[in-house]
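Novice: The structure is given below, and queries will be raised subsequently.
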2 protein chains.
Amino acid sequence: MQRVISFIVTNQPGVLSRVAGLISRRGFNIESLAAGVTSNPKLTRITIVMYADDAVIDQVIKQLDKLLDVKAIKEIPQDAGSWKELALIKAKPAGKDRSAFMNVVNSRNGRILDFGIDTITIQLIGTISFVNKSIELLDNFNIIEIARTGMVALERGDEMLYNLNL
Amino acid sequence: MQRVISFIVTNQPGVLSRVAGLISRRGFNIESLAAGVTSNPKLTRITIVMYADDAVIDQVIKQLDKLLDVKAIKEIPQDAGSWKELALIKAKPAGKDRSAFMNVVNSRNGRILDFGIDTITIQLIGTISFVNKSIELLDNFNIIEIARTGMVALERGDEMLYNLNL
């Protein structure tokens, strides 16, 4: 099952390396990782997705929480959060397939970003499952490149992991 | 200046740690990093954003390219690519400011994801500069949380970094 862990770290060289090193030394593979600045320039928010059971997730959270760089950390279950990912996809549909390709893109609320001579580049937004399913549908049209951001998530309602104004 | 480097790596434990370690050992700070699977399950695409000059970017690319895990690597300049980032933002506007907040969200093509009792969570999509500017505008409404994916990019036209079908 996909599990999403979100945490706030101090924004300085080496933090990402320590985080990734800690996880990989234990042999866990990260499905996706997204690290972006916050409105507080001293803080970065990292979101990782792993396929793991409760015991592994508990262990990863406990270990990461021990790092001095980590200010706050929490799992954000899908039913308690807004999960989103962005994907850029370049496909090379055969000439006769271009309109069928566009129909699938529209049906997935995709947006055309660029037309090449033989290729079309689009943008898709959704949960991992939504993006996976969309890629499955579009793969009939010769996908040649994909750039996915990895998931980010915020808890639903007024809950928050860390107040940026603190 | 923001510079975007995109590269394809083998999808296995330790790769992210080696990549982040190589960059941080040289004292370079990564502004954002996005790592997501491709349609080829053996390959992950990583996009990093750094503020750096030509000499530094050349050095980072040269060093990363030496890693066995790195299959292909390239800088994607903004004028030659589709650059996109996704941001989730939770704000706590004062009651009287809620409609002004919504107006700003609409003007930036944002989308409401969730209403809390006191908070509103939205989604924004654009280049780093667009997202930065949007956050600046929304910061008048008490932003309490942000989760940004970091930038992903694909080259415009038919160019490609690495054909996933190879």
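The values are calculated or read from the model by the stated rules, or taken from the named source; none is laboratory data. Keep in mind it's a predicted model, so treat the numbers as computed, not measured. Every residue, glycine among them, receives a Cβ derived from its backbone with ideal geometry; neighbour counts consider all protein chains shown. SASA here: full protein model, heavy atoms, side chains in, ligands and nucleic acids out. Shrake-Rupley method; radii C 1.70, N 1.55, O 1.52, S 1.80 Å.
Novice: With the requirement that a residue be among the aliphatic types (A, V, I, L, M) and modelled with pLDDT of 95 or more, what does segment A:111-134 give you?
Specialist: Residues satisfying the conditions are A:Ile112, A:Leu113, A:Ile117, A:Ile120, A:Ile122, A:Leu124, A:Ile125, A:Val131.
Novice: Let me ask something else. Exactly one of these conditions fails for A:Arg108: (1) at pLDDT below 95; (2) more than 17 Å from the chain's Cα centre (by Cα); (3) more than 9 Å from every other protein chain (Cβ to nearest Cβ). Give me its number.
Specialist: A:Arg108 satisfies every listed condition except (1).
Novice: Still on this structure, I have one more. For segment A:1-43, enumerate the residues that are closer than 18 Å to A:Ile76 by Cα, part of a strand (DSSP E or B), of a type in the set (A, V, I, L, M, F, W, C) and more than 7 Å from chain B (Cβ to nearest Cβ).
Specialist: A:Val4, A:Ile5, A:Phe7, A:Ile8, A:Val9
Novice: Within segment A:66-106, how many residues are free of Cβ contacts under 8 Å to residues at least 24 places away in the same chain and either surrounded by 13 or more Cβ atoms within 10 Å (Cβ to Cβ) or under 23 Å from B:Leu124 (Cα atoms) (or both)?
Specialist: Number of matching residues: 4.
Novice: Which residue pairs have Cβ atoms closer than 9 Å, lie 6 or more positions apart in sequence or on different chains, and pair a first residue in segment A:17-34 that is assigned by TED's automatic domain parsing to the domain that holds A:Asp58 with a second residue that is of a type in the set (A, V, I, L, M, F, W, C) and surrounded by fewer than 18 Cβ atoms within 10 Å (Cβ to Cβ)?
Specialist: Listed by first residue and then by second, the contacts come to A:Ser17/B:Leu22; A:Arg18/A:Leu67; A:Val19/A:Leu67; A:Leu22/A:Leu67; A:Arg26/A:Val56; A:Phe28/A:Val56.
Novice: With the requirement that a residue be open to solvent by less than 50 Å² (accessible area, probe 1.4 Å) and touching a Phe, Trp or Tyr at 6+ places or on another chain (Cβ under 9 Å), what does segment A:10-30 give you?
Specialist: Listed by number, the list holds a single entry, A:Val19.
Novice: Okay, next question. Any chance you could count how many residues in segment B:73-119 are among the hydroxyl-bearing types (Ser, Thr, Tyr) and within 30 Å of B:Thr10 (Cα to Cα)?
Specialist: 1
Novice: Okay, next question. When you look at B:Arg156, is it touching a helix residue (DSSP H, G or I) at 6+ places or on another chain (Cβ under 8 Å) and within 7 Å of another protein chain (Cβ to nearest Cβ), yes or no?
Specialist: In short, yes.
Novice: Looking at segment A:122-138, is at least one residue within 8 Å of chain B (Cβ to nearest Cβ) and of a type in the set (Val, Ile, Thr)? Quick ask: steps written out before the conclusion?
Specialist: Going residue by residue through segment A:122-138, those that are within 8 Å of chain B (Cβ to nearest Cβ) are A:123, A:125, A:135.
Checking which are of a type in the set (Val, Ile, Thr) leaves us with A:125, A:135.
Yes, segment A:122-138 contains a residue that is within 8 Å of chain B (Cβ to nearest Cβ) and of a type in the set (Val, Ile, Thr).
Novice: Restricting attention to segment B:124-166, which residues are among the β-branched types (Val, Ile, Thr) and either over 12 Å from A:Ser39 (Cβ atoms) or open to solvent by 60 Å² or more (accessible area, probe 1.4 Å) (or both)?
Specialist: Answer for segment B:124-166, where residues must be among the β-branched types (Val, Ile, Thr) and either over 12 Å from A:Ser39 (Cβ atoms) or open to solvent by 60 Å² or more (accessible area, probe 1.4 Å) (or both): B:Ile125, B:Thr127, B:Ile128, B:Thr149, B:Val152.
Let's see how each residue does on (1) at pLDDT below 90; (2) out of contact with any Lys or Arg (no Cβ under 9 Å at 6 or more places or on another chain):
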position	(1), (2)
A:Ile5	no, no
A:Thr10	no, no
A:Val15	no, yes
A:Ile23	yes, yes
A:Arg26	yes, yes
A:Ile30	yes, yes
A:Thr47	no, yes
A:Asp53	no, no
A:Ile57	no, no
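Novice: Sticking with this one: Do we find that B:Gln63 is of a type outside the set (A, V, I, L, M, F, W, C), more than 11 Å from chain A (Cβ to nearest Cβ) and touching a residue at least 40 places away in the same chain (Cβ under 8 Å) in this structure?
Specialist: Judged against the criteria, B:Gln63 is a match.
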